[in-house]
Amino acid sequence: MRLVLPPTLHTGIQRYLESAFPNEGGGFLIGRVDNEDRIVTETRFVENIFETEEQYHRYLMDSGAFQAAEDYADANGFTLIGYFHSHPDSPAIPSEFDRVHALPNFIYLILSVQAGRADHSLVWLLADDRSRFVPVAFEEKSSIIQGG
Amino acid sequence: MATIKIPTPLRAYTAGHAVVTVSGTTVAEVLSDLAAQHPGLKQHLFEGGELRSFVNVFIGEDNTRDLQGLVTPVKDGDTLRIIPSIAGG
């Protein structure tokens, strides 16, 4: 399995999560499944609604954001592939909080933001037994027709 | 009977079906029937018999956590939906 993400969308994620620093930010990855690959065609930025004073190490979406993104994907023949969020001044390694709250079959792109600048992105998938995350290959590829 | 919409990541356990017909008179009974029909869902919905903290079950526009939780009544024809809380840290 690979996650394929156009560089323009990756750059957009980087700029958005830099703007959220020193807090965490996040959003959805929407696209299609091609054999085992997940092809991102668009992203959706979603506000962090966790308690303000905890946002430096916690991220939470409003349930309405999931509903809207899933309805949009279902109605337009796309797939809600996964979500991205930042780890301010921390490596892009899933935390225990990430694992406990994770869904299977859902891509987790984590971006490490160091001192306000995007540093590195890593991509993960929850193991089916929920015991751990496993790394997913990540490819930036521009030859993709982007949606919406 | 009611219907319940399955979130995209969990449709791998319902043979790709987005909506499943379920029976039961409470949220707990509906989820029990859902898990009986699709056993692979169980570990992702429940932990030690309790609904996982990030799993929300809506009836219409109402989160049943804000109603009576798992004992919230379900009527014939109700439309339920599982909406996970997306969180990280």
query: Given the protein assembly as shown, what percent of its DSSP beta bridges are antiparallel, to the nearest 5?
result: 70
- prompt: Where does the protein assembly as shown land at 222 nm, in deg cm²/dmol rounded to the nearest 500, when only DSSP H runs of n ≥ 4 count, each adding -39500 (n - 2.57), divided by all residues?
  reply: -5500 deg cm²/dmol
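I'd like the interface area for chains A and B: accessible area of each alone minus the complex, both sides summed, 1.4 Å probe, protein heavy atoms only. What is it in Å² to the nearest 100?
On the way: alone 7550 and 5240 Å², together 10440 Å².
That pair hides around 2300 Å² of surface in total.
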field: Label-zone membership for the range B:30-66, site B:Ala15, 7 angstrom Cα→C-beta point, backbone N under 16 Å
entry: B:34-41
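Give the Kirkwood hydrodynamic radius (Å, one decimal) of the range B:2-84, defined as one over the mean of 1/r across all pairs of different Cα atoms. Numbers along the way, then the final one.
On the way: mean 1/r = 0.0805 Å⁻¹.
After inverting the pairwise mean of 1/r, the radius is 12.4 Å.
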- request: For the range A:2-140, give the share of DSSP beta bridges that are antiparallel, in percent and rounded to the nearest 5; count only bridges with both residues there.
  value: 65
Vicinal HN-Hα couplings computed from phi for the range A:102-112 (Karplus, 6.51 cos²θ - 1.76 cosθ + 1.60; Hz; Gly/Pro x): 8, 9, x, 6, 9, 6, 10, 9, 10, 10, 7
- prompt: Kirkwood hydrodynamic radius (Cα pairs, Å) of the range A:2-140?
  reply: 14.9
message: On the principal axes of its Cα set, how long, how wide and how thick is the protein assembly as shown? Give whole Å, largest value first.
response: 52, 40, 31
- request: Work out which residues of the range A:48-88 lose at minimum 40 square angstrom of accessible surface when the other protein chains are put back, relative to the chain isolated, with a 1.4 angstrom probe, and list them by number.
  value: A:Ser63, A:Phe66, A:Gln67, A:Glu70, A:Asp74
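On average, how many beta carbons from a partner chain sit within 10 Å of the beta carbon of a residue in A:95-103? Mind showing how you got there, number by number?
Values: counts 2, 1, 3, 3, 1, 6, 9, 7, 10.
Per residue, the average neighbour count from other chains is 5.
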Averaged over B:76-88, number of beta-carbon atoms from partner chains that fall within 10 Å: 6
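Provide the per residue accessible area, probe 1.4 Å, for chain B, rounded to a whole number of square angstrom. Mind showing how you got there, number by number?
Working: 3940 Å² over 89 residues.
I get 44 Å² per residue for chain B.
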query: Length gain on complete extension for the stretch B:Gln43 to B:Glu61, per 0.36 nm per residue less the alpha carbon to alpha carbon distance?
result: 3.9 nm
Ordering of A:24-37, B:62-75 by packing [mean C-beta count within 10 Å, highest first]: A:24-37, B:62-75
message: Taking amide H atoms as placed 1.01 Å from N in the peptide plane, list the residues 5 or more away in sequence, or in a different chain, whose amide H sits under 5 Å from that of B:Thr72.
response: B:Val27, B:Ala28
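May I ask you to give the percent of accessible area on the range B:2-84 that is carbon plus sulfur, with a probe radius of 1.4 Å? Display every interim value, and only then the final one.
Details: 1940 of 3770 Å².
Using a 1.4 Å probe with all protein chains present, the range B:2-84 comes out at 52 percent carbon and sulfur.
Over chain B, what is the percentage of antiparallel beta bridges among all DSSP beta bridges, to the nearest 5? Before the final figure, lay out the partial values.
On the way: 14 of 17 bridges.
Percent antiparallel among DSSP bridges in chain B is about 80.
Size of the dipole of chain B about the Cα centre, Lys and Arg at +1 and Asp and Glu at -1 on the beta carbon, nothing else charged, in debye to 20? Could the numbers behind the result be given before it?
Numbers: 7 positive and 9 negative charges, 58 e Å.
That gives chain B a dipole magnitude of about 280 debye.
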field: Degrees separating the helix A:63-75 axis from the principal Cα axis of chain A, which is the longest one
entry: 10
message: What does the structure give for B:50-56 when I average, per residue, the other chain Cβ atoms found within 10 Å of the residue Cβ?
response: 2
task: Would you mind working out the magnitude of the charge dipole of the protein assembly as shown relative to its Cα centre, with +1 at each Lys and Arg C-beta and -1 at each Asp and Glu C-beta, to the nearest 20 Debye?
output: 460
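Sort A:109-117, A:39-47 by packing, meaning the average of other beta carbons within 10 Å per residue, with the highest value first.
On the way: A:109-117: 18.2, A:39-47: 20.2.
The peptides rank, most packed first, as A:39-47, A:109-117.
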message: In whole percent, and with a 1.4 Å probe on the protein chains, what portion of the accessible area of chain A is carbon and sulfur?
response: 50
statement: Helix A:7-20 sits off the longest principal axis of the Cα atoms of chain A, rounded to the nearest 10 on a 0 to 90 degree scale, by 20
field: Farthest positive-ward along chain B dipole, Cα basis, beta-carbon charges - from B:Thr72, B:Phe46, B:Thr25
entry: B:Phe46
query: How much area per residue is accessible in the range A:2-140 when the probe is 1.4 Å and only protein heavy atoms are counted (Å²)?
result: 42
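The values are calculated or read from the model by the stated rules, or taken from the named source; none is laboratory data. Quick caveat: nothing in here was measured; it's all calculated off a predicted structure. We place every Cβ from the backbone using ideal geometry, glycine too, and count neighbours over all the protein chains shown. Just so you know, the surface numbers come from the protein's heavy atoms only, side chains and all, with ligands and any DNA or RNA stripped out. Shrake-Rupley method; radii C 1.70, N 1.55, O 1.52, S 1.80 Å.
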